[in-house]
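The block underneath contains the structure these notes are about, expressed in structure tokens.
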Amino acid sequence: MVPDIAVGGLAGMYNADSDDLYLQGAAGSIKMTTDPSDAGQTIYLGTGGGGPKRASGLFMLNATVQDAGLVQPSATARSATANQHTFSITGAFNQSAGTLGTADDTNVVLLQGTLTEARLAAFETLSRIDFVATVTGGALSNLFEPEILIKVDTGSSFNSFAYTVNGFGAGSADVGKPVPEPASLAIWSAIAFAACCSQKRRKRVSTTTAAF
């Protein structure tokens, strides 16, 4: 899927008492094509990003999540960051003017948004969470659809919300366009199968009628 921002070195923590999930990783590149040989364009941290400017950009995600999905906003949130459901990617594209995104190497918000859904079908088995998010701004927001999918691989050390994990790493994430719901795919497959069977039945009836 394109555009696609690749995030590596993903690390985070989960508090089972407050249900708060924090993720942080290196937003290293953005791909604008589906060509497997295309490594994409490098995202740098840039000047003013709090580290070496030629380091990778920064991906951050905060969510309050349980087995049933995202915890909806509440006036009695158990922590100051609970129910924020946000993500952001900050950085710069270049060390010289004229490239995609910013006009210089200053660290800016490249993409940010609000999480609206957490798909957990593959969490326990594959340590994967698919977050659906609404884009709210950023220098690259015009390149993305209003609704995007953030596919998070948390690594094998975190695949349950039953206990607190003070730190996990070796994860990754992809930020791009949404994919259809599995249920939607099943429905369309069922419709296609029914239409095919109906067409075959009509052919058999026509053939039988012609024989008389």
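Go ahead and run the numbers for FRET between residue 145 and residue 18, Cβ-Cβ distance against an R0 of 45 Å, rounding to 0.05. Present the calculation step by step, with values, prior to reporting the outcome.
Values: r = 32 Å, r/R0 = 0.70.
Efficiency, from the Cβ-Cβ distance: 0.90.
If the chain between residue 116 and residue 160 were fully stretched, how many nm would it gain, using 0.36 nm times the residue separation less the Cα-Cα distance? Numbers along the way, then the final one.
Working: separation 44, 0.36 × 44 = 15.84 nm, distance 2.03 nm.
Difference between extended and current length: 13.8 nm.
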Cut-off under 5 Å, modelled amide H: who pairs with residue 45 long-range
55, 56, 57, 92
Which aspartates and glutamates does residue 177 reach when only Cα atoms under 19 Å apart count, and residues fewer than 8 places away in its own chain are ignored?
4, 35, 38, 117, 130, 145, 147, 153
Alpha-carbon centroid distance for the pair the range 9-35 / the range 125-151, whole angstrom:
11 Å
Under the 0.36 nm per residue contour assumption, what length would be gained going from the current alpha-carbon distance of residue 34 and residue 124 to full extension?
29.5 nm
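Quick note: the coordinates plus some simple rules give every number you see, no bench work behind them. None of these values were measured; they are calculated from a predicted model. Positions of Cβ are backbone-derived with ideal geometry, glycine not excepted, and every protein chain shown enters the neighbour counts.
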